[in-house]
Every structure is written in structure tokens, then in C-alpha cells.
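Working notes, beginning with the structure itself.
Every number in this text was worked out from the coordinates using simple rules, so none of it is lab data. On a predicted model such as this, the values are computed, not experimentally measured, just so you know. All Cβ positions, even for glycine, are placed from backbone atoms using ideal geometry, and neighbour counts span all protein chains on display.
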Amino acid sequence: MNYNSVKITTTEAEKILLNIYNLKGKATKLPGEVDFNFRVKIENSTSYILKISRPHEDLDCIDFQQKLLKYIVKKDSNLTVPKIIVDSKGNNISQIIDGFGKTRKVRLLTWISGRIWSSVNPQLDNLRFSLGNKCGLLTRTLQGFEHPKATRNFDWDIAQSLWTKKHLNLFNFDEKEIITYFQHKFENNVESYSKLRKSVVHNDANDNNIIVSENLINPKVEAIIDFGDAINTQIINDVAITLYTTINENNPLAAALPIVKGYHNSFPLKEAELEHLYTAVAMRLIISVTKSAINKIKEPDNEYLQISEKPAWEILKRWHKIPADFALYSFRKACGFTAHPNEKKLNNWILENNFQLSELFPTIQKNKIQPLDLSVSSKWIGHQEAFNDLDLFEYKINKLQAKNPSKIIAGGYLEPRPIYTSEDFDTIGNNGRESRTIHLGVDFWLPSQTPVHTLFNGEIVVCYNNAGNKLYGGLIILKHTIQNFEFYTLYGHLSIESVSNKKIGDTIKKGDCIGYLGNRKENGSWVPHLHFQVLLALLDFKNDFPGVANFNEIEVWKSICPNPNLLFKTKGLQTKKETSNTELINFRKQYLGKSLSLQYKTPIKMVRGAGQYLMDEIGTKYLDTVNNVAHVGHEHFSVVKAGQEQMALINTNSRYLHENINALTSELLKTLPPELNVLHFVNSGSEANELAIRMAKAATGEKDIIASEVGYHGNSNMCVAISSYKFDGKGGDGAPEHTHVFPIPDNFRGKYTGNNTGKLYVHEVEKCIVNIHNKGRNVCAFIIEPIISCGGQIELPEDFLAQSYKLIRKTGGVCISDEVQTGCGRMGNTFWGFQLHNVVPDIVTIGKPLGNGHPIAAVACTQEIADKFANGMEYFNTFGGNPVSCAIASEVLKTIKRENLQENALKVGEFLKNELKLLAKDFPIIGAIRGQGLFLGIELVDHNLKPLAAQTDYLANRMKDHKILMSVDGPDHNVLKIKPPIVFSKENTEELLFYLRKILSEDFMHSI
């Protein structure tokens, strides 16, 4: 058929509207496979949908759709559907003769306002639930509706989908293999499928037929439109078609579950129906790709008919990789059934029987357990480097066994483990990186060659003896038939030799030796142990079976792999109970200060760090872009080791001689200009700035401090008194008498903007000096960060710092550079921030980065300042400069040098800054990118430079949903700060940029 000969233009549509309905409007073309659809806007802003059929379309089919709409309105007035508009003669359906003399049917329906599904971004689980709920409600409403055309031959009916077998020749070998797999699966189950409930259903909840509310934060599905595909068919088909909306997701099953749950919520689905849902989804996709293949030939000019071909194939391929049974169990769980239908049967059978560990290990004859905690929060496994040292791991196991000679060391069921660090355990899900960390079995730590015996009669169904199997080494899975159901037991980490004489199909009797525990070489260097699992399904696995699972799927996996300790009922093998986040939050609210805030709308419990990552209690890894405290990486092993080793010897105050304080002093002085040659050690940046102000007062005999607007220098009284960020903020009382604030030197949205603003802001500093002089006093000190952090990562204008220093020194004042956040190589080009401006301060304060999370800080000053401070009043800090802190800080400085981390900050920082500037070209909401090295800020504003705090907060929280930690800064809370551990890599940067682009594309980010 020549598509151009039957299509209707917008001009023709407008004429038809005027002739039949006496309405004058502007037509816009809408998608449609059969009908030609138009949105028509009338002059008074009212909108309608004009539907014009192809030539000689069956009048009864159109009558079916019209009566169906009337039925819905009559039965459920709360369900939003298009209403029928009669023509000028009172007809529901009109007829016209087109320019070729052919008859066409015309209908006019009310327009339902909102957004179509395909335009909504993001499509999250709450929205998907509302979609399922709305479709289920529509199906419930349609119960009892009948019409002769409800039952007809229809290609898009999944029940009739085997017509696609005739067109296999249109596909290549790989495509054909996938299609025939599902066709055979559908055909083999057609008898039970044909007995499922049937009714008239919508049958076409696709991207363009779903209307979503305008609410950008919590959108909901308002209506389902276009009933052209409605048909009497199996109800589960309607669910399957609705799942088609997950077409663009990496994990379509995960995206499908809230839809299924929502559908079930308004129209309860039956267990037997869910057994066919996985295949029904695939068959709908097969119809789609087959239609597209046919239409390429039939109507090559009709783009709409081919628009979904590529994404349909992508989801079909992903769907094919999902084990059918796992999909079924996931659907069951979503609907409130037990995930595996035999879960209760197995549990009841186990309760009636008792087994002993000594039956599993007869030569050991032990029935008591010594629990071993290998969870992500375990102190026993210690640092990541420690648990990767398998010699050490084995030594610790042996020591634990020696302390508990009458017990078997065991544990692990549902334990979130940090030891699965290989990329084999990671996938990219619908919300960023996901890791399989939850252990599904129990590990029994016993010597190699320990015999393992079976607990029940069984048949070998998996026997894998490949020495290269890094997961299990030798592996055997037995099938057991008990009463009217089957289950399996899995024995992993057996020796290759003991498995090599076994084969699939062998019968094993209760008490038989199944094999012997393998040695480290056979089991991927793992210390000898038995990995034991109970299974209710093998899914589609042939040579192995997952020993760990993704936490997001844990409710299904718990049902497939129940707790093996149900067999033994042994004390000590219980799953460790973690304190819930709700309990932690409630405790904080009751007993901790109300001014202590938590990050993010939904706070995270962090229990482990590694490099540029933090891990929560279930082992989820978050890429950390903001934690500049962990300067050389979270829990850097050499830094941790330095602290541990010194802590084991002595930790006391600096009144005693110790080499560590001298060693740290030497390391720090190497990084500083020769003028700054005296150090004092303290515990925090606040203490450092407090001491710096004391020094300045002692050196000058004055009290007046000049500081930047929105500057922040610490949490002590004296520091708050010079921090505009605090005293000009919420709860503050304004600047104290001796603090003088000049406007933040921001050339983007500050008092002076554009290029060459340095002199203007220097003049503001000069005003402060004049004000002090007018009060008959003189300047004590000028304090500023080389890049103002809380101000929004503000880079100082060119020549501002050098000229300001000259003014201050001219009055006899002291220049203080607050390097608490900018120091120790983070700037990339320089080791200290002040070096960016070619100046040498009189005092430098050093904080967070120096201890990599350990509380140590320092003040560096000139000899002149130090001499004036030493006025007879002793300065003593109990913990400042203690041997442990000094050992840690020395190792941090050595690590920066040894691992070229300053160079990394420069290289990665420049790459990230340049890429962010390119991103800003696509997203004008990004008004400014600034900073140096790995100390950057992204400022979000509208076209009038109005700060966008809500969008910035939204972006930070949505990035957290994708496992990337970001934080908000700036006086208007519209700056995203990026100051990660300086081990941050280019690959980390590319991941960050990918998700920034993704979230910046979301609807709320454009609600300005």
C-alpha cells in the first residue's frame, strides 16, 4: 500500500473539523497505526482529538470503541477517559468521502490534558505503580462489557500471536533463535494459557496512550486513552502490554515489578496468570518486531510503524537473558505471594525433621558453631588489603579455630559482603551501578580434604569440576524429591579430584560422601571451606549457581535459597540483625543535638570506605565526589597501617621527645615556602584558625579582623566570630564589633561581575581598613581561603590576593591563608592554594586533608610571627602533635608524593572542568563552572542568573539515587561542590558526567 495515498494532512484535518463539527481549529499530527489522529486546538484554547479512519474501515469496530467509552463513563465516573463529541447532526460517528472517492469514518473526542508517558523523565517506581494501578482499575471497570467486535481476528492480540511464526524468514539467525525460543514456550503452554480469565481489556497501554499529571516531583498516571486495540482476551495480556513501557531500562524486570504490583493492587491477579506473564511480554515484543519487519516492506514511508523496532529488539534481548522462573518468582513476590510456590512446603517439611552438622561432616563430629562475621561492617576482616591477604586470612581462621576447638567456624547467610570486588559481580542497573553482595549460603571453614556427606537421598543434576572455576572450584548440586515437591542442595569448593569421578544422573544415598574440601589452589586461592546452599529452583543455570545476590532482589532470592540453618537449627548461625536507619535516626533525634544535620532527604548509613568509594551496610558502593577529608582515599592502607603501628607502641603528648613530630615537620616544611618555617600542631581546622587569630593578635596587638562575606573558618567561638557564613546566616547575630566583612569576590553573581574585577574587590578590602582606622584602631589580620568553599567554590579574581596582602601589610596587619580545604595538592597546579596567586602569607592554617580523616591540623607561620607569639604564655595542646597523629599525617604527605596525587588532581581536574564546560553548553541551567584541580563548583541559575536552589537540591539527591554522592554549597544553596578524594580517576569522572547529563535532562531540572 502506498502510505502517501491514504494519509491525511493537517490542512485536510482542519477542513474536516470545520465541515463536520463546525469548529475552527489548528491541527497537530499525533501518532497512530491505523487511524490518523490529530490534536485540534480551538480558538478558545479548548482541545480535542480528531480521529480519521483509513478508507473503508469496519464501522462495527469503531462502534465497539465508542460504546466502550460510554460504558466506562457510566460504570465509573472517577475513571478519566476521552468523552465523545457528537457532530453537528448529533452523530457519534461521522462519514466523509475523501479525494479518492473512498469512505472514511470520523470521530471527535475530548482532549485529556497532561503529558504523554514518553515525554516524562524520569519514570520512577511510584509512577510505574500508578500506571499499573490505573490499568488494573480500567480492567476492573470493563468487567461485563460485551460487543460483537470484542472477539475478532487481531494481530496485536497476544493470544493470537503465533501468526508470527509465518514470518521468521524476515530475521537473522540470532534474532530467529530468540523468537523461536519464546514461540515454543508459548505454544507448549497454550493449554493452561487458554484456561486463564478473559475479558475486554485496553490492550495498548503504550508510551503515547498514557497521560501523566503535570506534577514534576511526584507524577501520577491520570488516564489511559486510545481504545482502538481493545479486545476480549486473557487479562494477563493487558499486564504484559503495560510492561512494554519499561522498554528503555537496563533491567526491564526490575522496572516491571512496580507496574505488576500496581495492577494487582486494583485488579488482583491470580497465581496461574503470573505463570504466563514472562512469555506474554516476550510474545507482545515479537508481534512488535515482526510488524516492524513487515511494515518496512509494506509501508516504508510510515515512520511511526517502525519507530519502536530498535528499542523493542533491545528489550527482547534483555528479556531473553532473564531466567523465566526468576521472572515468575519476582512477579509473585510483587503481588504478595511467596516468591517460590514451594517455600512453605519446604519449611513445613524441615520443621518435621531434624538434622545434625555431624551428618554433613561425620569425621568432624561437631555440632556447635563459632560464628564468623564477614559482613561489610565486620571488624574481624578489617581493611580491604587485609582480607585480600589470603595468607593472613587463613592464619586468622586457624587462630579462631584454635580458640574454639569444639566448634565449627561458620556463617554467612544473607550476609552483605565487601569481598566481592571483581567487576563480575557488578552490573549497571536502572539506578546506576549495582553489586551482588548478599551471600546466599552458609560457609563452613574446615581443613582441605575434609569429607562432606549428603543429608538426603538425591540425584546429581550439576557436576562441575573445572579447576578454573573461580567461584566454587569443584561443585555438585543434588536434586531431592520429597513428598510432592523437589528441592536442591549445593556443595561448593570441593576438590577437583573428588568431583571428577561423579557425573550428572548419579544417584547419591543419604550419608554418602559427596566429595572432599578443595585446597586454596583449586578454589581461586580461597581458604578451604564448604559453601552450602539450599535451593528450590535451578533457574537456567547449568554449570554453577549464584552464591551471592543483589540486595534489591533479596526478597526473591530468600525464597529461592532459604536459610540452610533451618535444617540444623544451630545457635550461632542466625543472620545478624542490623540496627535500622529509622532506629538510628530516632536515637539521634532524642539524644543528640538538634543542630546536627544529616545529608540527603533519605540519609545513608555508611560502614566502610575504600579509595573514592563509601559503602553502606548492605555493601552498596557510592562514588564519593565531596569527601575531601579522605584526601588520599578512604581508609588508604598505608595511612591506616601507619596509625595502627604507632598506636600499638605509644600515644602521648608533645612534651615528650618523639621522632614523629620532627618527621612530620620536615615533610610539611618541604611543601612550604622558606618564609613559613615554624609549625604548631593542633587537632582540627577550627583549632588551627583559632590559633592563627591568637597569633595575629599577639603579633599586632590589635583585634580587628577583615574577612570575606560567606567565609567559613571553623566552629569555635573565635572562628564563628570571623565567619560570615555563620553570623550572617540562620541563627546568626551579624558581624561582631571587631569583624569587618567585604563582599564576596565573585565575578559571576557578586557585587562586581565580569572580567577585571580584582581592583574593585581590593577597594572593598580598603574600605574595611578605612573603617577600622576611623574607629581609631588598626588591622589585626586578613583571612581568606584561596578558593572560598562555603561561598560556592569561588575563585578569587586575578591580582586580588596580592594587592589585598599589600594593603594589609602596609597597615601592619597579618595575612592568613585558610588552607583547611584547599591544601595538600588538591589544587593540582600547586600544593597550596595561596601559591596560585604568587603570594606568601604570614600564617597558613592546615586541616582536614592532613590526617585523611584522623584529627590533626597545623599552623605554619613566619619566624617573626612565632617569636612574637612566644611572649611567655605557654601554648599547649594535649593531643596536638601526638605520635599517632604525626605518623598518620607524615604518611599522607608521603602518599601524595609517592602516588603522584597532586599530578592526578591536576590531570583529572582539568579533564572534568573542561567536560563540565561542554555540558553547560547543552544545559544552560549551568551558569558557571569554577575552581582548580579537584576543587570545583557547578552553579545552577536561570536565564536571569536567579539561583536555582530547588533544582540543585534535586540534582544532588537524584545523583545519590544513582550511587554518586554530591553536596550543595553557596549562600543561595545553588552550587554543587566537587572535591573528592584526590585518587579520583578519569573513569570516575566519566561516570559522574554520564549521570549528571542524565539527571540534568529530567523534567524538574527545566521547571524554571
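Within the shell defined by Cβ-Cβ distances under 14 Å, the residues around Glu709 carry a net charge of -1, with Lys and Arg each +1 and Asp and Glu each -1. Taking the Cα centre of the range 580-677 as origin and assigning +1 to Lys and Arg Cβ atoms and -1 to Asp and Glu Cβ atoms, the resulting dipole is close to 440 debye. Exceedance of the 25 Å cut-off in Cα-Cα distance is limited, within the set Lys605/Lys986; Lys558/Lys589; Lys220/Lys605; Lys403/Lys569; Lys726/Lys946; Lys577/Lys605, to Lys605/Lys986; Lys558/Lys589; Lys220/Lys605. Take the Cα of Glu33, step 7 Å toward its Cβ, do the same at Glu987, and the gap between the two points is 4.3 nm. The modelled label-to-label distance between Ile554 and Phe994, using points 7 Å beyond Cα along the C-beta direction, is 2.5 nm. Peptides 668-674, 951-957, 880-886, ordered by how many other C-beta atoms sit within 10 Å of their residues on average, highest first, read 880-886, 951-957, 668-674. Cα-based values for the range 219-261, radius of gyration first and Dmax second, are 11.8, 32 Å. If the segment from Gln95 to Asp733 were pulled out straight at 0.36 nm per residue, it would be longer than the present Cα-Cα gap by 222.0 nm. Beyond 23 Å, what percent of the Cα pairs of the range 373-466 remain? Tail fraction, whole percent: 41. Our summary gives the range 3-111 a relative contact order of 24 percent, counting only alpha carbon pairs under 8 angstrom and 6 or more residues apart.
Remark: C-alpha extents of the range 3-111 on the principal axes read 41, 34, 28 Å, sorted largest to smallest. Note on Lys379/Arg588: beta-carbon distance plugged into 1/(1 + (r/R0)^6) with R0 of 30 Å gives a FRET efficiency of 0.85. Note on the chain: dipole from Cβ charges, positive end direction compared against Pro341, Thr450, Gly734; the farthest Cα belongs to Pro341. Helical runs (DSSP H, four residues minimum) scored at -39500 (n - 2.57) apiece and divided by the length of the chain put the mean residue ellipticity at 222 nm at -10500 deg cm²/dmol.
If only the Cβ of Lys and Arg carry +1 and only the Cβ of Asp and Glu carry -1, the dipole of the range 3-111 around its Cα centre is close to 240 debye. When you work out D = kT/(6 pi eta Rh) for the chain at 37 °C and 0.692 mPa s, using the Kirkwood radius from C-alpha pairs as Rh and the Stokes-Einstein form, the result is 98 µm²/s.
If you plug the beta carbon distance of Lys165 and Leu400 into 1/(1 + (r/R0)^6) with R0 = 56 Å, you get a FRET efficiency near 0.35. Taking a ≥ b ≥ c as the square roots of the eigenvalues of the alpha-carbon gyration tensor, the range 788-887 is classed oblate because a/c is 1.5 or more while a/b is no larger than b/c. Checked against a 29 Å cut-off, the cross-linked pairs Lys74/Lys298; Lys379/Lys963; Lys89/Lys149; Lys270/Lys344; Lys767/Lys921; Lys105/Lys270 give Cα-Cα distances beyond that limit for Lys74/Lys298; Lys767/Lys921; Lys105/Lys270. Considering every alpha-carbon pair of the range 850-1008, the percent of pairs per 5 Å bin, from zero through the bin containing the longest distance, is 2, 8, 14, 16, 14, 11, 10, 9, 7, 5, 3, 1, 0. Remark: relative contact order (the chain) = 8 percent; criterion is Cα-Cα distance under 8 angstrom and separation of 6 or more residues. Across q = 0.18 Å⁻¹, the range 683-790 modelled as identical point scatterers on its alpha-carbon atoms has Debye log10 I(q)/I(0) values of -0.90, in the order of the q list. As a rough guide to protection, the peptides 128-138, 114-124 ranked by mean Cβ packing within 10 Å, highest first, stand as 128-138, 114-124.
Note on Thr481 and Leu669: the model spin-label points, each 7 Å out from Cα along the C-beta direction, lie 8.4 nm apart. Per-peptide packing, taken as the mean over residues of other Cβ atoms within 10 Å, places 26-33, 750-757 in the sequence 26-33, 750-757 from highest down. For the chain, the residue among Gly101, His147, Ser406 whose Cα projects farthest onto the positive side of the dipole built from Cβ charges is His147.
Each Cα pair under 8 Å and six or more residues apart adds its separation to the average, and for the range 665-874 the resulting relative contact order is 27 percent.
Any idea how far the Cα center of the range 85-117 sits from the one of the range 847-865, in Å? That distance is 78 Å. Size descriptors for the range 939-999: radius of gyration and Dmax over Cα atoms are 12.1, 37 Å. Length gained on full extension, Tyr875 to Ser194: 236.3 nm, using 0.36 nm per residue less the C-alpha separation.
Summing Cβ point charges (Lys, Arg +1; Asp, Glu -1) relative to the Cα centre of the chain gives a dipole of roughly 1860 debye.
Toward the positive end of the charge dipole of the range 3-111, with +1 on the Cβ of Lys and Arg and -1 on the Cβ of Asp and Glu, the farthest Cα among Asn92, Pro55, Ser45 is that of Ser45.
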